[in-house]
1. Given the condition touching a residue at least 24 places away in the same chain (Cβ under 8 Å), farther than 15 Å from residue 147 by Cα and open to solvent by 70 Å² or more (accessible area, probe 1.4 Å), answer yes or no: does some residue in the range 1-8 qualify?
2. Hey, does the range 24-42 have a residue that's at positive phi and either out of contact with any helix residue (DSSP H, G or I) (no Cβ under 9 Å at 6 or more places or on another chain) or polar (S, T, N, Q) (or both)?
3. Can you pull out every residue in the range 74-89 that is of a type in the set (A, V, I, L, M, F, W, C) and over 11 Å from the mean Cα position of the chain (by Cα)?
4. Among what's in the range 26-40 and is near the ligand (Cβ under 8 Å from one of its atoms) and closer than 17 Å to residue 94 by Cα, pick the residue that is farthest from the chain's Cα centre (by Cα).
5. I'm trying to understand the selection: among the residues of the range 120-164, which are in contact (Cβ under 8 Å) with a residue 12 or more places away in the chain, open to solvent by 30 Å² or more (accessible area, probe 1.4 Å), assigned to a helix (DSSP H, G or I) and not small (Gly, Ala, Ser)?
6. I'd like to verify a number: residues in the range 41-93 that are open to solvent by less than 60 Å² (accessible area, probe 1.4 Å), within 27 Å of residue 141 (Cβ to Cβ), more than 9 Å from the ligand (Cβ to nearest atom) and not in a helix (DSSP H, G or I), how many?
7. Right, residue 104: open to solvent by 60 Å² or more (accessible area, probe 1.4 Å) and on the phi < 0 side of the Ramachandran plot or not?
Amino acid sequence: MEFRKMRRDGQALTPAQCRAVLARGTSGVLAVAGDGGYPYAVPLSYAWQEDRLVFHCAKAGHKLDAIIQEPKASFCVIDQDQVVPEEYTTYFRSVIVFGRVRVVEDESQLRAAAALLGRKYAPEHTSEQLEQAITQSLPRLCVLELIPDCISGKEAVELSRAGQGPANPV
Ligand SMILES: Cc1cc2nc3c(=O)[nH]c(=O)nc-3n(C[C@H](O)[C@H](O)[C@H](O)COP(=O)(O)OP(=O)(O)OC[C@H]3O[C@@H](n4cnc5c(N)ncnc54)[C@H](O)[C@@H]3O)c2cc1C
């Protein structure tokens, strides 16, 4: 299938800007096909590397059941939401990744993904501390990987006009 084009394409972020948003974000919302046809949109921490997203979670639960039934998902990261009351608007910037989620089964890949998350969220911890934490949590740890099929990013027209795109594209 073909992914939709943005109607207001002047507000679209470049691929590099999208990647910069994903690299610096600290949480997003994973949308999956939940129970009974209700979309299930669940907030998660994540890491972005080598053009894919990784998440950690428990080995059971609503999102895991949903992904096993239907791997197609989307993940949305809000980079900026600056409310401007006098203009009745918000100077926003966000990215949506559509893709397929898989459970990482291979132990070395699982450890690598957990280490990536650990380095992002606890950068002051030593490699030894991280390794110990990963080893301890391994029996309870599930790692998911979202491989993108389409990435789109959009910002408020006021930001695109002002050329205030992300400062550090990756
Ligand atoms: C900023 C942020 C970062 C997070 N990072 C992580 C992470 O990295 N890994 C992780 O596993 N979890 C994280 N969480 C918690 C996450 O949102 C889920 O609660 C958790 O992953 C359990 O999901 P589940 O589908 O297995 O829950 P289940 O307990 O199976 O869900 C059952 C029901 O509980 C309700 N529910 C579950 N989670 C939430 C929620 N967050 N808010 C409201 N209702 C809820 C829903 O109605 C759902 O259908 C984070 C939450 C926030 C807000």
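The values are calculated or read from the model by the stated rules, or taken from the named source; none is laboratory data. Nothing here was measured: the structure is a model prediction, and the numbers come from that model. Cβ coordinates were reconstructed from backbone atoms using ideal geometry, including for glycine residues, and neighbour counts include every protein chain displayed. What goes into the accessible areas is simple: the full protein's heavy atoms, side chains included, and nothing from ligands, DNA or RNA. Shrake-Rupley method; radii C 1.70, N 1.55, O 1.52, S 1.80 Å.
1. yes
2. Among the residues of the range 24-42, at least one is at positive phi and either out of contact with any helix residue (DSSP H, G or I) (no Cβ under 9 Å at 6 or more places or on another chain) or polar (S, T, N, Q) (or both), which makes the answer yes.
3. 83, 84
4. Going through the qualifying residues, I end up with 26.
5. 120, 121, 131, 138, 140, 157, 158
6. Matching residues across the range 41-93 total 10.
7. no
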